Amino acid sequence: MWLSFAPVLTLTVLGIPIALGLAFTLMPAFGIFAAIGGTELSLDSWRALFSAPGFAIALILSLTTGLAATVISFVLAVGFCAMAAQSAFVQRLRRWLGPLLASPHSAMALGFAFLIMPSGWLVRFVSLFTGSTRPPAELVTVQDPSGIALIAGLLLKETPYLVLMILAASSQIPVRQILASARALGQRPAAAWLKAVFPQIYPQIRLPIFAVLAFSLSVVDVAMILGPGNPPPLAVMATLWFSDYDLDLYYPASAAAILQLLLVVACIALWWLAETPLAGVGRRLIERGGALKGQATVTMLAGAAAILVGGMGLASILGMALWSIAKTWRFPDILPTAWQMSLWLDRGGQILSTVVTTALIATLSTLISLALALGCLENEQRQGLRPGKTALWLLYMPLLVPQIAFLFGIQVLLIRLRLDGTLFAVVWAHMVFVLPYVFLSLADPFRALDPRFAASAAALGAKPLRIFLEVKLPLLARPILAGVAVGFAVSVGQYLPTLFAGAGRVSTLTTEAVTLASGGDRRVIGMVALLQSALPWAVYGLALLLPLLLFRKRGDLSR
Amino acid sequence: MIGFRSIGMALGLLVASLLTASAAETGDWQEVLAKARGQTVYFNAWAGDTQTNDFIDWVGREAENRYGVSLRHVKLKDTAEAVTRVVAEKAAGREEGGSVDLIWINGPNFLTMKKQGLLFGPFASHLPNWRFVDIADKPSNLVDFTIPVDGYESPWRMAQLVFVFHSARTPLPSLPKSMKEMLGWATEHPGRLTHPDVRNFLGATFLKQALYELADDPKLLQTPATEETFATVTAPFWAWYDKLKPLLWQGGNEFPNTGPAQKQLLSDNEIDIAISFNPSEAAVSIQNGTLPDTARVYVLDGGTIGNTSFVAIPFNAAHKEGAMVVANLLLEPEIQARAQDPMTMGNFTVLDLDKLDAAQRQLFERPADAVGLPTNAELGTALLEPDPSWMTRLVAEWQMRYVR
């Protein structure tokens with residue numbers, strides 16, 4: 001009975017801020033914004049947007065970087081998983097997923113920038129051999145005009161995310177049996193995985209792919225650090241206008257936000273349309289049997305690239321960690337020439353309370369999101385409902401609309417309710433972003449759960465609640481823990497929602513990191529970025545360890 | 001030079017006379033103090049600089065000890081965040097009890113808030129420490145971007161454009177002393193010069209500084225730009241910049257986002273000259289280890305643009321009294337002296353030292369052994385900020401011309 005409240009509650013938590021936020025984006029996009037004197041309907045916002053310097057390039061940049069980052073991270077993730085099927089070594093690399101997934105985008109992007117910049121770590125290694133004492137002036141790496149650095153920076157986070165999603169989905173499929181049969185038919189392990197396992201996994205990871213697509217198209221923080229600035233991608237352009245002292249820029253900013261939304265919707269539609277013909281080709285290749293020409297090479301390359309990307313990600317974090325204890329570290333030194341612990345000693349205590357706040361907000365928003373997501377899914381199953389399209393799109397909204405656009409609406413709502421600046425408000429604002437990720441991580445594994453388990457339990461006389469708690473939850477332990485880890489990391493990485501809902505009064509590691517990044521002391525940035533990553537690492541560690549501990553006696557579940 | 005200085009002073013005197021009229025009512029300061037006790041003031045201030053953050057922390061402890069006002073630093077990445085917040089509150093109809101009590105504000109944001117009626121005031125005139133403020137030799141204390149302050153914001157630190165360099169790597173005589181020389185220098189050292197992004201106030205200031213030096217008649221910059229004056233005054237500037245741009249770092253296609261980001265490039269050896277608004281930038285950076293001991297600052301031969309940093313109170317601030325107490329505290333001689341110490345922030349004071357007693361004045365004596373600190377003589381006289389219309393148009397035109 002109480003369960004049927006879960007969908008209503010979920011839609012309220014997500015729906016209200018999104019509806020209001022969208023209204024507050026739509027209205028200024030058409031000239032209405034009373035607080036700064038806009039009272040008449042007009043298309044001036046759009047005119048201003050279209051005639052803004054660099055608009056066309058900004059739009060193209062968003063499209064190319066967003067699509068490229070998604071396609072490449074997808075290919076790399078699939079390549080990695082296919083390689084993992086044949087190589088125990090690659091299998092073992094999976095444990096490095098945690099640190100990569102857990103580190104917030106901004107922390108990783110800062111580290112990556114240090115890695116690839118003309119005076120960065122990579123060039124320093126090169127200058128070991130060339131002996132140069134100055135960075136090459138002609139080298140353009142970070143913020144290159146075509147956005148390659150931005151695409152690469154996005155891969156650092158998205159490839160591991162998709163790998164994790166594939167692994168989570170795999171737990172619902174008898175992978176070992178399928179692989180064994182395919183190999184009995186003469187397929188090599190990677191090919192067996194691609195042909196027999198992957199087609200069953202794809203439908204389950206479609207939603208995460210869309211989330212990646214939407215994120216890549218509208219990312220702001222990473223694009224500000226790694227993307228070109230003249231012009232920047234559309235989402236950055238809108239963000240800069242939204243926070244400009246010239247309040248008139250609010251109008252083109254709103255129009256840009258609406259356009260950004262349309263862009264995301266169009267790209268998802270494009271992906272969807274491309275699925276059918278591609279699946280057709282794939283099916284024909286699989287049915288033809290035998291080995292595919294070049295498949296092994298392509299898989300190898302993609303897998304190797306995924307490992308390289310992972311290595312770059314880890315090096316980025318390591319770079320930030322080193323900076324936090326560096327005193328002097330100048331070009332072309334590979335390592336700091338003088339060290340200090342004073343930053344940690346002097347600021348450790350000061351920052352501890354921020355760590356506690358960050359963890360508290362992340363824990364609350366993730367646990368409430370988990371309860372709501374499980375409630376919705378269980379309700380759906382008991383009522384025999386098919387997942388509705390409208391609800392799905394609503395769930396997607398927070399991931400589709402550029403944050404800054406509808407966060408202003410959230411802020412106005414919270415101020416009206418006199419809730420702004422409270423922990424409650426921040427947890428709520430975080431849930432708007434955490435809940436979709438938790439839901440997306442759980443929905444497909446939950447729905448793919450073999451109904452015969454529940455049916456057998458029911459036949460043995462178990463009540464629905466008991467079936468839920470003792471059959472479904474243990475079977476879903478891995479996706480649930482993965483969802484919790486993702487949710488926690490998502491919460492820790494939130495910048496704008498924390499700022500808007502918290503009225504700037506609730507400070508987390510990420511708000512600290514971003515404000516410090518606007519300064520320039522890489523040592524302090526390094527320390528906060530490292531802490532920003534370390535907190536979710538702990539949760540990922542638990543997510544990996546818990547199944548092993550919980551199900552020591554039930555071998556198959558722990559795997 | 002003298003021409004527009006006297007305009008500024010005349011304006012200043014006019015405003016000052018208006019202010020002293022209301023300052024006569026300072027009898028109610030005791031009432032302000034009483035109301036402020038126990039209040040929590042949310043000070044919205046850019047937090048990208050650890051030294052400034054630590055200083056605000058310290059001021060907070062002083063406010064608590066002296067006046068029972070508790071100060072909370074709301075850390076901003078950009079001041080406009082606080083402006084947006086006040087706008088959101090106005091949109092939601094919250095006319096009082098607002099979440100922002102005090103803002104560290106800059107010219108453009110001040111202009112926006114003043115124009116939209118989002119500021120509380122005039123209050124600066126009611127502050128007891130107002131009497132120490134230098135309104136004769138520091139006209140920027142009364143005129144922010146040529147807009148009269150009118151008591152709607154209270155000064156707290158002086159800023160002047162300086163260029164930071166490594167004296168060991170690039171000795172001072174080899175560096176350009178004017179914006180014209182900058183072009184020749186860049187031709188010899190392609191890729192080693194840049195400026196912060198023009199959307200950033202420091203980037204915009206670099207352009208303004210060049211405009212000042214290259215304009216045939218810089219006096220026009222003190223009046224609002226018109227279609228006509230803008231076209232004629234900026235013509236030599238664009239000719240100069242067209243030649244300079246391809247010689248800049250990364251071919252002039254990208255720019256560091258902020259001043260500190262540019263300083264990091266200097267530290268990384270990617271560029272040779274960085275711009276800063278803090279004359280103590282080198283001294284402070286040596287102190288905290290972000291630049292080597294040989295870092296120094298210098299100003300251009302014709303002088304550089306200077307201005308004042310202010311704090312302002314939004315119209316709907318919940319704790320206006322507490323905010324006023326903090327604004328007043330920021331003007332206390334001991335606090336100003338501490339701000340000027342290169343061990344903390346190294347910001348030059350907004351006070352008139354002649355108005356202080358001997359003991360207070362002594363607090364401002366600069367340490368003889370501070371490495372990298374320029375003398376007042378080396379800094380010369382600060383140039384006035386042009387009217388804001390110039391900056392707005394200059395940045396917009398720059399974007400039209402140079403954004404791909």
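The values are calculated or read from the model by the stated rules, or taken from the named source; none is laboratory data. All figures in this text were calculated on a predicted structure; none of them were measured in a lab. Counting neighbours? That spans all protein chains shown, and the Cβs are built from the backbone with ideal geometry, glycine included. Keep in mind that these areas ignore ligands, DNA and RNA; they rest on the heavy atoms of the full protein, side chains included. Shrake-Rupley method; radii C 1.70, N 1.55, O 1.52, S 1.80 Å.
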Between a residue in the range B:321-339 that is closer than 16 Å to B:E365 by Cα and any residue that is open to solvent by 10 Å² or more (accessible area, probe 1.4 Å) and among the basic types (K, R), which pairs come within a Cβ distance under 7 Å, given they are 6 or more apart or on different chains? B:A339/B:R157
Taking the range B:279-289 as the region of interest, how many residues are open to solvent by 20 Å² or more (accessible area, probe 1.4 Å) and within 21 Å of B:D197 (Cα to Cα)? 1
Expected single match for open to solvent by less than 50 Å² (accessible area, probe 1.4 Å) and within 27 Å of A:H430 (Cα to Cα) among A:A326, A:A362 is A:A362
In the range B:92-142, residues that are outside any helix (DSSP H, G or I) and either within 14 Å of chain A (Cβ to nearest Cβ) or open to solvent by 20 Å² or more (accessible area, probe 1.4 Å) (or both) total 26
Considering only residues that are at pLDDT below 90 and open to solvent by 10 Å² or more (accessible area, probe 1.4 Å), which ones fall in the range B:336-348? B:Q340, B:D341, B:M343, B:T344, B:F348
Can you confirm whether the range A:210-221 contains a residue that is more than 17 Å from the chain's Cα centre (by Cα) and surrounded by 20 or more Cβ atoms within 10 Å (Cβ to Cβ)? no
When both residues are 6+ apart or on different chains and their Cβ atoms are under 7 Å apart, which pairs have a first residue that lies in the range A:331-353 and is farther than 20 Å from A:A315 by Cβ and within 11 Å of another protein chain (Cβ to nearest Cβ), and a second that is of a type in the set (G, A, S) and part of a helix (DSSP H, G or I)? A:L343/A:S324
Given (1) within 14 Å of chain A (Cβ to nearest Cβ); (2) open to solvent by 30 Å² or more (accessible area, probe 1.4 Å); (3) touching a Phe, Trp or Tyr at 6+ places or on another chain (Cβ under 6 Å), where does B:P388 come up short, assuming only one miss? (2)
Please state which one of A:S456, A:S491 is hydroxyl-bearing (S, T, Y) and more than 21 Å from the chain's Cα centre (by Cα). A:S456
Looking at the range A:17-74 only, could you name the residues that are closer than 23 Å to B:T112 by Cα, open to solvent by 20 Å² or more (accessible area, probe 1.4 Å) and among the β-branched types (V, I, T)? A:I32, A:I36, A:T39
Taking the range B:263-287 as the region of interest, how many residues are more than 15 Å from A:R330 (Cα to Cα), not in a loop (DSSP other than H, G, I, E, B) and not acidic (D, E)? 8
If you check A:L476, A:L465, which single one turns out to be free of Cβ contacts under 8 Å to residues at least 40 places away in the same chain, within 13 Å of A:E378 (Cβ to Cβ) and open to solvent by less than 20 Å² (accessible area, probe 1.4 Å)? A:L476
Name the residue, out of B:R192, B:R199, that is open to solvent by less than 60 Å² (accessible area, probe 1.4 Å) and part of a loop (DSSP other than H, G, I, E, B). B:R192
Within the range A:261-274, is there a residue that is over 22 Å from the mean Cα position of the chain (by Cα), farther than 24 Å from A:D44 by Cα and in a helix (DSSP H, G or I)? yes
Residues of the range A:472-500 being within 11 Å of chain B (Cβ to nearest Cβ) and of a type in the set (A, V, I, L, M, F, W, C), which ones? A:L496, A:L499, A:F500
With the structure loaded, tell me whether B:N328 is within 30 Å of B:G68 (Cβ to Cβ) and within 14 Å of another protein chain (Cβ to nearest Cβ) or whether it fails that test. no
Got at least one residue in the range A:196-209 being open to solvent by 20 Å² or more (accessible area, probe 1.4 Å), in contact with a helix residue (DSSP H, G or I) (Cβ under 7 Å, 6 or more places away or on another chain) and among the aromatic types (F, W, Y)? yes
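Each row is one residue, and each column tells you yes or no for (1) at negative phi; (2) in contact (Cβ under 8 Å) with a residue 24 or more places away in the chain; (3) open to solvent by 10 Å² or more (accessible area, probe 1.4 Å).
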site: A:G79; (1), (2), (3): yes, yes, no
site: A:R92; (1), (2), (3): yes, no, yes
site: A:W96; (1), (2), (3): yes, yes, yes
site: A:P99; (1), (2), (3): yes, yes, yes
site: A:P104; (1), (2), (3): yes, yes, no
site: A:S119; (1), (2), (3): yes, yes, no
Conditions: (1) crowded, with 21+ Cβ neighbours inside 10 Å; (2) modelled with pLDDT under 95. B:A186 meets all but one. Number of the miss? (2)
Counting only residues that are open to solvent by 60 Å² or more (accessible area, probe 1.4 Å) and part of a loop (DSSP other than H, G, I, E, B), the range A:418-460 contains a total of 2
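Conditions tested, residue by residue: (1) open to solvent by 100 Å² or more (accessible area, probe 1.4 Å); (2) more than 21 Å from A:A85 (Cβ to Cβ).
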position	(1), (2)
A:A266	no, yes
A:P277	no, yes
A:G280	no, yes
A:I286	no, no
A:L292	no, no
A:A296	no, no
A:L301	yes, no
Given the condition closer than 26 Å to A:F129 by Cα and within 14 Å of another protein chain (Cβ to nearest Cβ), answer yes or no: does some residue in the range A:308-319 qualify? yes
Here is a list: B:G306, B:G380. Which entry is under 22 Å from the mean Cα position of the chain (by Cα) and open to solvent by 30 Å² or more (accessible area, probe 1.4 Å)? B:G380
What is the one condition in (1) open to solvent by less than 40 Å² (accessible area, probe 1.4 Å); (2) in a helix (DSSP H, G or I); (3) of a type outside the set (G, A, S); (4) over 18 Å from B:Q250 (Cβ atoms) that B:E181 does not satisfy? (1)
Return yes when A:L335 is open to solvent by 20 Å² or more (accessible area, probe 1.4 Å), part of a helix (DSSP H, G or I) and not small (G, A, S) and no when it is not. no
Counting only residues that are in a helix (DSSP H, G or I) and at the interface with chain B (Cβ under 9 Å from one of its Cβ atoms), how many does the range A:246-258 have? 2
Restricted to the range B:230-265, and to residues that are among the charged types (D, E, K, R) and touching a residue at least 60 places away in the same chain (Cβ under 8 Å), which residue is farthest from the other protein chains (Cβ to nearest Cβ)? B:K243
